[in-house]
Each structure stands twice: as structure tokens, then as C-alpha cells.
Amino acid sequence: MKILILSPYTTGQKHKPDNLLRGEDCASPERLEARIKELCGYNEEGWYHESRDYSAPAGEMFTGPLNAQLREGLKQIREHSQYGETTLDLYFPWYFCRVDGKKSPVNETDIIVPFDTAPLHELEVLEYGESGVPEQMASLIDSYDLAFSLLRQDDIQSLQRVFEVERSTTLIFLLAKSHKHVVNEGLPNLHVVETGSSLQKSLRTTNWAMKGVVLRRLCEAACRDGFHVFEQVKQDPQKLIEIARNQ
């Protein structure tokens, strides 16, 4: 089974320079390229200095509690002897911070530069045939058997063209009750696993880390009980909460 995890960008980043990438830097391709080079340690003359290089793999860049918990779970599952036939891949949805300039979702191994996440919250609904983002995201999701979304309400709303139609891949969204309206639960293969204060208290974690803790505990259950737990969750997404609480 191929499993996809969609994670949000967070303000907790490995590097936090004063000149981090901002929304206005994306006004033109030339400006964006120049700013990314700057954040990769190059001055205007093209000289490189390691102390000014703030680039890092996306999986290492985000240091907030959600990502820390998620990475811990991924590390455990990937070190397990059964890992291989079942794989888990971590992606982030927005690409403008990529060092390689590709316009596609960011894998955890892709190199990015630190940026201000606030402009992402101002994105309007991304339409097909314009930015290319919905097309890339839809293609990515459709190449997996099971997908978990840890995305925020704003992320989902801007990508709603991807999620408003039936997809062949089973999509499981972890969302607070007040945010469930951003997805259409009437669609086949789309499921919402509700998070909230009750789950937070039972997991003894914070609201910021909760979704990462749920996925970490799912990985721990797979390592202990066998990788068939992923298929169980695919067939009954609400079992994810039971597994997380019983770890």
C-alpha cells in the first residue's frame, strides 16, 4: 500500500532569518529566483557563504510540534523490517519556496528556503488551468492508495477544487468539528476524523501537536501489531481515533 501524508507549513522553522521569503517576493519569477539564491547563501556577485545558507530539506525545515511528532512516527515505521511493500510519503502543498524552481508539491526531501507562512492564509480558491497547483495536487493524490490530510482549514479551502470531486484514493481528513464544513463528507472515499478538546485531553498533548501525535501513534501501532492496521484504517477511518487512544 502506498500512503500519502499532506502536512501544513508551520511558522516553526529550522532557520528564521530576518530576510525570509515573503509574499511580495513572488511578484515576478526574476525576483523570486533572486531571493531564493540569497537565502541559499549567495550574494549579488554570486559568491557563496555557508553562514548565509538557510536552505534545508522540507522534512527538516519545519520544527513545530506537529511536524516533530510526525517525523518521529515516520522514523519508526521506516526503520521497521516490514517497511517496503507499504510506504509512507510526506508532502507539503505549496511550491514557491522550492530551491529547484519546480511547480509541484514539495516532498520532504526537496530543498526549500524559510518563508513567512502568512501569505498562504490569504490564498483564494485555486482554479484549474491557472496556477497548475490543483492539477499537480490531484495527480499526486491519485497515485496513492490512501491519503491523510493534516492540512488547515485555509489550505483545504484554497485547494477545494481538488477535494470537491470524487477521487479513487481514500482521503482521510483530520479536522476539528468547527472545520468539517470545508469538505464534502457526502463524497465516496472522503472521510473526516474529528479532532477536538476531548481527543487532545485523552492524548495528553497540545492542540498544535495533536494531528502529528495521532499519526505517530498509528505508526507505532503498525510497528507493534503489523502493517495491516493501515488497511483497517482505510476500511474504517474512525478506527484511527481508537488506535491513537489505545497506544
- Query: Between Arg224 and Tyr42, what is the label-to-label distance in nm when each label sits 7 Å out along the Cα-to-Cβ direction?
  - Reply: 5.0
- Message: Under 20 Å from a point placed 7 Å out from the Cα of Glu79 along the Cα-to-Cβ direction: which residues of the stretch 198-240 have their backbone N that close?
- Response: 212-227
- Message: Per 0.36 nm of contour for each residue apart, how much would the distance between Asp145 and Asp18 grow if the chain were fully extended, relative to their Cα-Cα spacing?
- Response: 41.6 nm
- A student asked for the Cα radius of gyration and Dmax of the stretch 109-247 in angstrom ought to give 15.8, 45
- Over all directions, average the projected area of the Cα convex hull of the stretch 11-97 and note it in nm². 7.6
- Obtain the nm distance between the two label points defined at Thr87 and Val99 by a simple spin-label model: each point lies 7 Å from its Cα along the Cα-to-C-beta direction. 2.3
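With a 1.4 Å probe and all protein chains left in place, how much accessible area per residue does the stretch 1-138 have, in Å²?
Details: 7100 Å² over 138 residues.
With the other protein chains kept in place, the stretch 1-138 gives 51 Å² per residue.
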- So the FRET efficiency between Lys177 and Leu32, C-beta based with R0 = 41 Å and rounded to 0.05, is 0.60
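Once you've got the Cα coordinates, tell me which of Lys14/Lys103; Lys14/Lys75; Lys177/Lys239; Lys14/Lys234; Lys75/Lys180; Lys103/Lys180 are over 25 Å apart.
On the way: Lys14/Lys103 23 Å; Lys14/Lys75 18 Å; Lys177/Lys239 17 Å; Lys14/Lys234 33 Å; Lys75/Lys180 30 Å; Lys103/Lys180 29 Å.
Beyond 25 Å between Cα atoms: Lys14/Lys234; Lys75/Lys180; Lys103/Lys180.
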- Item | Fraction of beta bridges assigned by DSSP in the stretch 83-189 that are antiparallel (%, nearest 5) | 40
- Message: Of all beta bridges DSSP finds with both residues in the chain, what is the antiparallel percent, to the nearest 5?
- Response: 30
- Task: Please work out the C-alpha center-to-center distance from the stretch 15-42 to the stretch 54-83 and express it in whole Å.
- Result: 25
- Message: Please report the spacing between the Cα centers of the stretch 181-211 and the stretch 102-139 in Å, no decimals.
- Response: 23
- Across the Cα atoms of the chain, what radius of gyration and what greatest pairwise Cα-Cα distance (Dmax) are found, in Å? 18.4, 57
- Of the accessible area of the chain, with the probe set at 1.4 angstrom, what percent is carbon plus sulfur? 47
- Item | Farthest toward positive dipole pole in the chain [+1 Lys/Arg, -1 Asp/Glu at C-beta], among Met210, Pro8, Trp94 | Met210
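The values are calculated or read from the model by the stated rules, or taken from the named source; none is laboratory data. Given the structure is predicted, the values throughout are model-derived calculations rather than measurements. Cβ coordinates were reconstructed from backbone atoms using ideal geometry, including for glycine residues, and neighbour counts include every protein chain displayed. Heavy atoms of the whole protein, side chains included, go into the accessibility calculation; ligands, DNA and RNA do not. Shrake-Rupley method; radii C 1.70, N 1.55, O 1.52, S 1.80 Å.
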